[in-house]
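Input: a single structure, listed below in structure tokens.
Readers should treat all values here as calculations from the given coordinates under stated rules, not as data from a laboratory. Not measured: the values here are computed from a predicted model. FYI the Cβ positions are ideal-geometry reconstructions off the backbone, even for glycines, and counts take in every protein chain you see.
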């Protein structure tokens with residue numbers, strides 16, 4: 001199936017999606033707002049590939065082959081010829097709607113328009129276009145080259161063919177898919193982790209337990225590879241804060257209301273691994 005993919009957003013998530021698609025033979029356009037952001041994304045891809053080569057997971061000569069399949073750009077019009085477009089910008093509804101509104105006027109009529117949102121209902125994003133049947137959720141997990149899951153989410157009007165093409169793409173680039181058949185905020189995985197993280201943060205915030213001991217309890221007691229707070233640092237404290245806010249705004253369910261500590265950490269810039277400090281110091 002390998003064809004032409006456009007990834008909108010060259011952060012770690014977008015760069016990861018670009019990498020695994022290029023490794024699978026796709027020609028990838030990687031777009032962000034400015035040249036510095038695009039080059040950071042391309043640099044992240046190169047670093048990831050070089051680590052894989054050092055471990056013997058790929059051949060050293062394949063690093064440049066994969067990089068050559070990725071075309072960096074700041075021009076959104078470069079998505080015009082893509083078979084599939086994956087949006088991976090910041091988790092903010094109006095920002096995503098702006099991107100999809102623009103893509104609607106740029107992309108081919110038969111293009112699949114996918115959003116990598118982790119919590120915002122697909123139907124709200126698709127409403128910015130005149131082709132909601134072509135919009136689907138493709139929730140990849142970070143780091144994309146390592147994490148095998150892709151959560152496919154139907155919007156209210158997502159066509160069967162759109163979902164099928166998104167699934168074929170995700171499986172071709174090495175992912176195992178689950179399908180969320182009803183477009184609820186947070187879908188399945190983010191709803192589960194958000195409720196878990198909210199309670200975990202409350203326990204730490206109120207002094208019941210340290211972050212370290214809470215994560216140890218989850219690893220040894222539940223068999224988790226990582227505790228919820230270490231997972232939050234990896235994903236991004238800001239990302240989890242926005243996810244919980246989005247789910248709470250859609251459901252008014254108190255179990256998703258973000259604790260004050262999360263908001264304070266984001267305000268202070270303690271966003272997790274990407275800033276060197278979150279619930280832990282890196």
Going from the fewest other Cβ atoms within 10 Å to the most, one would list 224, 139 as 224, 139
Length gained if residue 254 through residue 280 is fully extended, taking 0.36 nm per residue and subtracting the Cα-Cα distance, is 6.7 nm
Expected sort for 156, 141 with the fewest Cβ neighbours (10 Å cutoff) up front is 156, 141
Longest principal axis of the chain (C-alpha) makes with the long axis of helix 211-222 (C-alpha) an angle, in degrees to the nearest 10, of 80
Expressed as a whole-number percentage, the relative contact order of the range 38-162 with C-alpha contacts under 8 angstrom and at least six residues apart is 18
P(r) over all Cα-Cα pairs of the chain, 5 Å bins from 0 to the longest distance, whole percent per bin, short to long, reads 1, 6, 12, 16, 18, 16, 13, 9, 5, 2, 0
For residue 226, placing the label point 7 angstrom along Cα-to-beta-carbon and taking the range 140-169, residues whose amide nitrogen sits under 19 Å are 140-151
Contour minus Cα-Cα span, residue 95 to residue 219, at 0.36 nm per residue, comes to 41.0 nm
Quick calc of log₁₀ I(q)/I(0), the range 192-274, Debye, one scatterer on every Cα, no solvent, q values 0.13, 0.17, 0.19, 0.26 1/Å, result -0.37, -0.64, -0.80, -1.35
PRE zone check, label point 7 Å out along Cα-to-Cβ of residue 34, amide N under 19 Å, scope the range 70-87, hits 72-76
Taking 160-172, 44-56, 237-249 and ranking on average Cβ neighbours within 10 Å, highest first, one gets 237-249, 160-172, 44-56
Sorted largest first, the Cα spans of the range 31-170 on the principal axes come out in Å as 45, 30, 26
Longest principal axis of the chain (C-alpha) makes with the long axis of helix 93-106 (C-alpha) an angle, in degrees to the nearest 10, of 10
With the range 153-195 reduced to its Cα atoms and the Debye formula applied, log10 I(q)/I(0) at q = 0.14, 0.17, 0.31, 0.32 1/Å amounts to -0.37, -0.53, -1.06, -1.07
Here, residue 212 and residue 192, labelled 7 Å along Cα→Cβ, have an inter-label distance in nm of 2.9
Going fewest to most other Cβ atoms within 10 Å around each Cβ, 177, 218 line up as 177, 218
In degrees rounded to 10, the 0-90 angle between helix 12-23 Cα long axis and the longest Cα principal axis of the chain is 40
Here the relative contact order (percent) of the range 192-274, from C-alpha pairs under 8 Å and at least 6 apart, is 34
Within the chain, the percent of DSSP beta bridges that are antiparallel, given to the nearest 5, stands at 20
Stokes-Einstein D for the range 103-148 (20 °C, 1.002 mPa s, Kirkwood Rh from Cα pairs), in µm²/s, comes to 184
